[in-house]
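What follows is calculated from the coordinates using simple rules that are stated; it is not laboratory data. All figures in this text were calculated on a predicted structure; none of them were measured in a lab. Heads up, the Cβs are rebuilt from the backbone with ideal geometry, glycines too, and the neighbour counts pull from every protein chain shown.
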Amino acid sequence: MENYTGKYTWVDAPQGNVDKEQCYALDSCDGGLGESGGGCYKWAITADSPRIPWIVCPSIAGMYVDNYGGQHIINCKNWLMGENSDSIFTYTYVGNSSKIIIAENGADNPYFPEKFSQFNWTYSDNALWYCQQVYDADTAEEAVSHETADTSAPSQGGCGIPDNDFPWSKLISQGS
């Protein structure tokens, strides 16, 4: 088991059929719904270990190419963009029912490093569309405070603050 250093004392947890009541940090368990078959992704060493907020996996996780040729890998921790994953966005919140992701822009991202983004997604005309509605917020709270993109006609517009006048990007699955 790998010990993590820094302000959190956490180790990798056993995967598979793990009873989430056995985890010290209940917010770190997925109760059997994760891509690995369930269980805890990080297990607190003691009951009083500081908690790391649990981030659920986006329901749209997978590998995609957008309608502009850009590559996207959406996994349970990050949204990676670019041929070499040049832009990395690490989730601070995933809301599958509201179809929203709040993420911190990577320190080495070419645009707006260490800022926060709001991603929205929708389905229209049997296609998956996404909008990076906010890309330069100073905090996660600021990113989530902005209104979500207009989902009524994603191929026509509705994306981007302040006027929602940019079209959304279509995500075309490349298998997972």
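Normalising the average separation of contacting C-alpha pairs (under 8 angstrom, six or more residues apart) by the number of residues puts the relative contact order of segment 84-127 at 33 percent.
If you take the alpha carbon atoms of segment 62-173 and fit the smallest convex hull around them, that volume is 98 Å³ per residue. Taking a sphere under 14 Å around the Cβ of Gly70 and counting the other residues whose Cβ falls inside, with K and R at +1 and D and E at -1, yields a net charge of -2.
With r as the distance between the Cβ atoms of Ile172 and Asp136 and R0 = 22 Å, compute the FRET efficiency 1/(1 + (r/R0)^6) and round to 0.05. Could you put the intermediate results ahead of the total?
Working: r = 27 Å, r/R0 = 1.22.
Once the sixth-power term is evaluated, E becomes 0.25.
Give the calculated FRET efficiency between Val65 and His146 to the nearest 0.05, with a Förster radius of 41 Å applied to their Cβ-Cβ distance. Kindly include the intermediate steps, with their values, before the conclusion.
Numbers: r = 27 Å, r/R0 = 0.66.
Once rounded, the FRET efficiency stands at 0.90.
As a calculated quantity, the FRET efficiency between Asn126 and Asn164 at R0 = 22 Å, using C-beta atoms, amounts to about 0.45. Neighbour counting of Cβ atoms within 10 Å sorts the residues Phe166, Phe119, fewest neighbours leading, into Phe166, Phe119.
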